[in-house]
Amino acid sequence: MERSNLKPFIRKNLDILYIGLNPALGSSRNRHYFSVNQAFWNQLYESGLIREQVDKSDADTKIFGSPKYNFNNWNYGITDLVDSVAESRSAKIKPNSSDCQKLVDLIKENCPLVAILLHSTASKSLMTFLGKPAQKSNSGFIGKLIEHCDTAFFDIAFPHGNTITSSEKIKRYIEVKDYLLKLKGHQSTSKVDTEVITTYGTPQKTESAQSAKEIIRTRTLRPSTRKDSSPYKIDTEGVGISDILTIEISEEDNPTVLFKFQISGKQLQGRKSLHFNASKMNSKWVITWSGLKPILIQRFD
């Protein structure tokens, strides 16, 4: 064990506060969170919580220091339950009541909308301190735990070094994103196909409306009638600068969504459409975008 060199990224008005158990030796010596293994940053990217792939060497500065690379320009922060000690063997870390009280006070002071417990020991220690039942690792949404505090807690397994698959962790991060979208009122107001337009709920009457919305547009892959070289078109007109465009792709004779992509309305300004090609490789579909590329947030095949 040695004293940690990491400085937590904590401030008021955070959308997500990530909470680890303690700084790893390598990250502490590098002076950057999650700078030894790329898994955490890959999972955030695959879930859509960050908009660009980032290199682990200085990713914390980009993602926690600024909203520039984050989904919807959300603000993220990070700390540890035991933030003063650097140690890579987590079994050696024994959180005490002072550690838990310090974290509770920090959360009450800064009131993040969501707090994600990233390590089973951190989760178990905090739950025990609060008099709550321990959660199964990677169980996802827990709810509000601290009296007079609206922060919602999630349990998501540590990015690597356990038997829980990366895809299962990504699903939990997507749940966090969906929770925040609903909390902020960014709910789906329209579902659009290239030929049929169906509106759910009350549509926005003008583009000047302040609240953002998620617009879902779908395309069906039709290999029986289209060549691989024939591109598919996604209409982007009507997507406001503060909206999120979600693209769901399915296959003929199978209504199940195979791919889900997202892109911000800000990136689409001045564009009327997006285009992609679809081909099969080893019995699996491969989507190739032309020009501007939306982020793959989920694939189901």
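Details
- Once backbone amide H atoms are built at 1.01 Å from N, L17 has G77, V114, A115, I116 as its partners under 5 Å, excluding neighbours fewer than 5 places away on the same chain.
- Links that overshoot a 25 Å alpha carbon limit, given the list K177/K272; K272/K293; K136/K284; K260/K280; K182/K266: K177/K272; K136/K284
- The range 30-48 and the range 146-183: distance between their alpha carbon centers, rounded to Å: 15
- Reachable aspartates and glutamates, given that their alpha-carbon falls under 17 Å from the alpha-carbon of K233 and they are not under 8 places away in the same chain: D193, E195, E248, E251, E252
- With each label modelled as a point 7 angstrom along the Cα→C-beta vector, the K284-R299 pair spans 0.5 nm.
- Correct option for volume of the Cα convex hull per residue in Å³ [calculated from the coordinates] among (1) 131; (2) 154; (3) 355: (2)
- S84 paired with H160, simple spin-label distance in nm, labels 7 Å along Cα-to-beta-carbon: 3.0
- Residue separation of Q269 and S167 scaled by 0.36 nm, minus their Cα-Cα distance, works out to 33.5 nm of gained length.
- Near the amide H of F158, within less than 5 Å, lie the amide hydrogens of S120, all on another chain or at least 5 residues away, with H placed in the peptide plane.
- Relative contact order of the chain: 15 percent, from C-alpha pairs under 8 Å at least 6 residues apart in sequence.
FYI, it's all coordinate maths here, none of it is from the lab. Note that the structure is predicted; figures quoted are calculated from it, not measured. In this analysis, Cβ positions are derived from the backbone assuming ideal geometry, glycine residues included, and neighbour counts consider all displayed protein chains.
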